[in-house]
1. Dividing the Cα convex hull volume of segment 613-740 by residue count, how many Å³ per residue is that?
2. How many nm is it between the label spots at residue 566 and residue 505, if each spot is 7 Å from the Cα in line with the beta carbon?
3. Could you tell me which of rounded, prolate or oblate describes segment 257-306, using a ≥ b ≥ c as the square roots of the eigenvalues of the alpha-carbon gyration tensor, with rounded for a/c under 1.5 and, failing that, prolate when a/b is larger than b/c and oblate otherwise?
4. For the chain, calculate the relative contact order in percent as a whole number, restricting contacts to Cα pairs under 8 Å that are 6 or more residues apart.
5. Between residue 200 and residue 335, how high is the FRET efficiency from 1/(1 + (r/R0)^6) when r is the Cβ-Cβ distance and R₀ = 45 Å? Nearest 0.05.
6. Given just the C-alpha atoms of segment 579-669, how large is their convex hull per residue in cubic angstrom?
7. Quick check: the distance between the Cα centres of segment 249-311 and segment 329-362, to the nearest angstrom?
8. Work out, step by step, the length gained on full extension between residue 184 and residue 233: first 0.36 nm times the residue separation, then minus their alpha carbon distance; give nm to one decimal.
């Protein structure tokens, strides 16, 4: 059995109460218990201690070289089995263990911090049974953390020296597995079997994450002044108080934190609803943190009805080798009022970047519609790193603009980590992340390492596992350029195939089914926004993924089949948007003003030489111009005026619905309309001078929000339904809808 002994001893030669010879000893009360072998007469030394005997009759410890072994005879040679097992350089103790098969006399053994010096040592005495361990408290000297480890001596000769301990405060350095393994950071187990820490000692925040982690409660306290400020400007940082309570435990100590509201189109909720928050512990208090975190992101999951999509989506990105944040579910209260179940999503801060990248020059957050357009390097929001990273971003922007269609991938090889970037975009497309970089130019981060190489990081994965996105199309410039380049298109197909292979792995579908029991009681208790059925959400996601894998496999079978051109237009089926029409394929000349998308780029009538505005008669409403070329609001208004019209002013919901139908038919995602609050902030006027009165149309949920105080012009989004408007910066380059003045 395991028998534990403890000793508290001073350094040799000066401890109060020491024997006259100056050697520290262990008294009878602290000696290790008798193992039942004390009656052994010691005749069979080899049997008792497991020693090897050399040709000269000297017992040599098997793991000690001849330069250390001493010809002292069988009576004084070191018995095999005593080892250093664990030590704490902060609390100043060392644990030794007897790994032999017999009780060991400790006389002649010592623990020291310097095997070359006769000072600073603890002499051991008594006995230690087989399998026993002894904890030696170091009094009068200690171990320099990170610089020295303890040494074990036998009769003045070093038998073993542990490596310098580099364990952070509150942890020890020990063998794992216990008594036999190498030296690693361990949880303090003084006199007990060594074990690994419950969390990564170098990353204390790791204990806050895990998709099945017991749901903790976050309690935010917002003073009245903070509440008032958040009503005035929800995105301004304001002071609050934070406390964390583990399930079944008392609430932890309060600490200051800065908060602001999180969310834009669709996910924004004010303080009367299920508000999403960002937290920053160091914004107003330098050095502030919570369990190793500088920041926290609390997603309200209002667009993730079953509360499971983000966990499933981030997991699939991770399996594809894309760096993603960790997460856990938490329950949020604000000023004592329950707000409900939230996703605690790890902030992509400096600590996160250090874990995922060898170096970081800079990381930029991509706003809706932003991409590697000329001049964009100085519009992206720098989320971390150095301003100098904009030079790397600008170099990539220029390279993308100059890249040839054939050879697009090769021309950017030095600036883009294509394996990671393609994995990220392929996963977006596979899971139906329509609001991501590849499909829509939204919810993404650009990361540049010290060499200026780009990697993409996904974000905002709540609206996934729904629509079936085209496998070879999207708005992201890197995706567009890739699918047109034969070499990159092959690599893109390989990336899609890898996602499908993961979904087909045995045991993948259903890996997260334990979320049902974990979440459903909390979903049912949501106080501010109804949630769905976790079981239904999981079943829907698994079915979606299985069907998507089948679709990808069929598409790749088609694209890589020798018989993949049914209409004889020279294009494989995956590069042909109409296999029954030989005039329609990727790269075909687009005919003008016929409303047909011959070149399969999602826009009709945009071929070379075509006017960039198509004239369309909408029955019952008049004549309109749909201008697909990107212009800012003012240039779009001027173009409409040049055509004898104006940016569209909606007189009825029916007219707006007809315009939306035409935008969708032409593959135009968003366009300027003739509405802005340029004259008076918050008062939206049509270009004909009339004030919008709310009778026609309307805004997407959470809009208009005048983000950063500069969104003054209105766009209509093709997927917006009955309330499809969003306020936007007037200098953005998007399509426009003109109408002839009636």
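No lab work stands behind these numbers, since they all come straight from the coordinates. Not measured: the values here are computed from a predicted model. Cβ placement follows ideal geometry from the backbone for every residue including glycine, while neighbour counts extend to all protein chains displayed.
1. On the way: hull volume 12.2 nm³, N = 128.
Per residue, the Cα convex hull of segment 613-740 comes to 95 Å³.
2. Going from the residue 566 label point to the residue 505 one covers 3.5 nm.
3. Values: a/c = 3.41, a/b = 2.15, b/c = 1.58.
Verdict is prolate for segment 257-306.
4. On the way: 1547 pairs, mean separation 51.9, N = 742.
Reported relative contact order: 7 percent.
5. Plugging the Cβ-Cβ distance into 1/(1 + (r/R0)^6) gives 0.85.
6. 112
7. 7
8. On the way: separation 49, 0.36 × 49 = 17.64 nm, distance 4.93 nm.
Contour length minus the Cα-Cα distance gives 12.7 nm.
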